[in-house]
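In what follows, a structure is listed as structure tokens, so that the remarks can point back to it.
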Amino acid sequence: MKPWVLVPVKRFTGSKSRLSGTLDSPSRFEFAVALFDHVVRTVAVPLCQTGDLGGVLVVTDGQDVARRADESGAASLVIPGVETGRPLGRVVDEGLQFLTTRGADCALVIMGDLPFLTQGDITSLTNLLKSHDLVFAPDTAGTGTNALALRLPPPMSTQFCGGKSLRPHTDLATSLGLTFTLCEREGFALDVDQPEDYARLMTSRL
């Protein structure tokens, strides 16, 4: 089982707007790029050195992100995003369908703003998928889903939307009779969206 990693990322320009009281626009741009680079570099190790992954697909609404993905060796797929009225879950579902049509048999959906992500987190997610239909990695608050592992074609639609997706994910999986488990690891827990997330990140680096 060699899953593809799908990384959904909003365009860098204008990203991380909820940090506007903490960082100015150029700094938010640089921060978003740095987070993305970290996630892609972390994923690239098991992809290139051990061959444990099938590939990396970056799904984005921005050509700037697509160019950065291409430069890093990842594949990219540009899809209109949330600001066009399409929720994140729909964007992810389209990316998973894209992988399915190209022969992938499973996927890891990993958010592109996880500063503590490690190769061990990726391995844990993959190993749990061997014995479950779905694996969900919750955020710090326990309400959002920062990573998801599933077989392809997808057994259900994803429920990503507004940081409150964990319960909708588990409720839908239960209603469909699918087996699932949680992957609770620090590397998946912190996604930097709010000023308090940024403060926690900065404190950890002191």
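The values are calculated or read from the model by the stated rules, or taken from the named source; none is laboratory data. Predicted model only: the values in this text are computed from it and were never measured. Neighbour counts are summed over all protein chains in view; Cβ atoms, including those assigned to glycine, are modelled from backbone coordinates with ideal geometry.
This table checks each residue for (1) modelled with pLDDT of 95 or more; (2) touching a His at 6+ places or on another chain (Cβ under 9 Å); (3) within 26 Å of V45 (Cα to Cα).
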residue: P80; (1), (2), (3): no, no, no
residue: T101; (1), (2), (3): yes, no, yes
residue: L108; (1), (2), (3): yes, no, yes
residue: D133; (1), (2), (3): yes, no, yes
residue: P138; (1), (2), (3): yes, no, yes
residue: A147; (1), (2), (3): yes, no, yes
residue: T158; (1), (2), (3): yes, yes, no
residue: G163; (1), (2), (3): no, no, no
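When you check R185 against the structure, is it modelled with pLDDT of 95 or more, surrounded by fewer than 17 Cβ atoms within 10 Å (Cβ to Cβ) and touching a Ser or Thr at 6+ places or on another chain (Cβ under 8 Å), yes or no?
no
Being of a type in the set (F, W, Y) and part of a helix (DSSP H, G or I) is the filter here, so list the residues in the stretch 1-34 that pass it.
F29, F31
Test E184 against the criterion of being assigned to a helix (DSSP H, G or I) and more than 19 Å from R90 (Cβ to Cβ), and give yes or no.
no
Among the residues of the stretch 137-161, what is the count of those that are over 15 Å from G187 (Cα atoms) and free of Cβ contacts under 8 Å to residues at least 24 places away in the same chain?
Count: 2.
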